[in-house]
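Student: Structure below; questions to follow.
The values are calculated or read from the model by the stated rules, or taken from the named source; none is laboratory data. Predicted model only: the values in this text are computed from it and were never measured. Cβ atoms come from the backbone with ideal geometry, glycine included; neighbour counts cover every protein chain shown. Each accessible area value is taken on the protein alone, full model and side chains, heavy atoms only, with ligands, DNA and RNA left out. Shrake-Rupley method; radii C 1.70, N 1.55, O 1.52, S 1.80 Å.
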Amino acid sequence: MDALTAYKLVYGFMSLAIAAMGASFFFFVSARGALKEGNRMAVTLSATVVLIAFYHYVRIFDSWVEVGTNLKLMAAAGMPLALDKAAGAFNESYRYVDWLLTVPLLVAELVLVLKLDKKLESTLIKRNVLYAFLMIATGYIGETFTISTVDLSNGRTIWGAISTVFFVLILRDLFGGIDASIKKQSKDIQGIFKILRVVLIATWGVYPIAYLLPAIAGNIGLSAGDGLAYKQIGYTIADILAKPGYGLLIWKIATLKNGSSK
Ligand code: RET
């Protein structure tokens, strides 16, 4: 892609994310009222998550616009347009602060809807909130290193790998929780739990791949600028699926539980 196309594509996805977070906030707030007291908390958490993300996407979008300003300056100076150079203006911290707040909430939301016994529920939430914090904090340290190839002498690779350890621990624990809960559920809810499991791995799995893209761009025939653009697009699509998308599934489970005694 040429730099301007890549810039506009990322711009479009970030803009879509603002719309998705805002619209789903309205939906979750409206929908929670129809649920019984005991089923509301998970949907309240979804609303909280997308509101936090709405705010951060406004900031993320603003920050990306500065990349566009840099591209204009490059054009005005008669320089070739290079997205990887212009992207120095983009502040990735907004994403990490967003994840730091939203991932623990998403974890809690899932565990709550599993309706496990109180002791297991509390252990799973506490342990995975800690893992989530460590996954994101170590990933953030990795992002601060200059992007180069994937080799073990590079801080970005090392911290990314440490972050992945916590990622695997979280998924293992959540899958274990789902397995412990699924047998006790009605057929309808069992079906949604199975979908939820796939959605969890398919969306959360995008984050480490997106993180890797700029470093492996050269190996898979992408320019450095394209690698960065695809990373941003990957994170953005994953956020739309992992927040509003996943929230809808949680809402569906809460609605089904509302109609049954379980
Ligand atoms: C990082 C660094 C590289 C290694 C791994 C990562 C995982 C990030 C994940 C983020 C999930 C975010 C969600 C946000 C939704 O609100 C930090 C990119 C494994 C899994 C679900």
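Student: Could you tell me which of the residues Thr123, Thr149, Thr144 is more than 11 Å from the ligand (Cβ to nearest atom) and more than 19 Å from Pro208 (Cβ to Cβ)?
Tutor: The conditions single out Thr123.
Student: Let me ask another. Show me the helices (runs of 4 or more DSSP H) found entirely inside the stretch 136-222 where at least 1 residues are modelled with pLDDT of 95 or more and surrounded by fewer than 16 Cβ atoms within 10 Å (Cβ to Cβ).
Tutor: Working: elements: 155-182, 187-204, 206-216.
Filter on the stretch 136-222 gives 155-182, 206-216.
Student: May I ask you to say which residue of Ile136, Ile170, Ile162 is within 11 Å of the ligand (Cβ to nearest atom), touching a residue at least 40 places away in the same chain (Cβ under 8 Å), of a type in the set (Val, Ile, Thr) and closer than 16 Å to Tyr211 by Cα?
Tutor: Ile136
Student: Mind telling me which of the residues Leu71, Leu105, Leu83, Leu130 ends up being among the aliphatic types (A, V, I, L, M), touching a residue at least 24 places away in the same chain (Cβ under 8 Å) and either on the phi > 0 side of the Ramachandran plot or open to solvent by 10 Å² or more (accessible area, probe 1.4 Å) (or both)? Before the answer, list the steps.
Tutor: Values: Leu71 fails: either on the phi > 0 side of the Ramachandran plot or open to solvent by 10 Å² or more (accessible area, probe 1.4 Å) (or both); Leu83 fails: either on the phi > 0 side of the Ramachandran plot or open to solvent by 10 Å² or more (accessible area, probe 1.4 Å) (or both); Leu130 fails: touching a residue at least 24 places away in the same chain (Cβ under 8 Å).
Selected residue: Leu105, the only one of Leu71, Leu105, Leu83, Leu130 that is among the aliphatic types (A, V, I, L, M), touching a residue at least 24 places away in the same chain (Cβ under 8 Å) and either on the phi > 0 side of the Ramachandran plot or open to solvent by 10 Å² or more (accessible area, probe 1.4 Å) (or both).
Student: Another question, then. Can you tell me which residues in the stretch 224-238 are touching a residue at least 24 places away in the same chain (Cβ under 8 Å) and either touching a Phe, Trp or Tyr at 6+ places or on another chain (Cβ under 8 Å) or not in a helix (DSSP H, G or I) (or both)? Before the answer, list the steps.
Tutor: The initial filter retains those residues of the stretch 224-238 that are touching a residue at least 24 places away in the same chain (Cβ under 8 Å), namely 224-229, 232-238.
Selection gives Ala229, Gln232, Ile233, Gly234, Tyr235, Thr236, Ile237, Ala238.
Student: Then there is this: For the stretch 63-105, which positions are within 16 Å of Tyr235 (Cα to Cα) and among the basic types (Lys, Arg)?
Tutor: Once the filter is applied, which keeps residues that are within 16 Å of Tyr235 (Cα to Cα) and among the basic types (Lys, Arg), the stretch 63-105 yields only Arg95.
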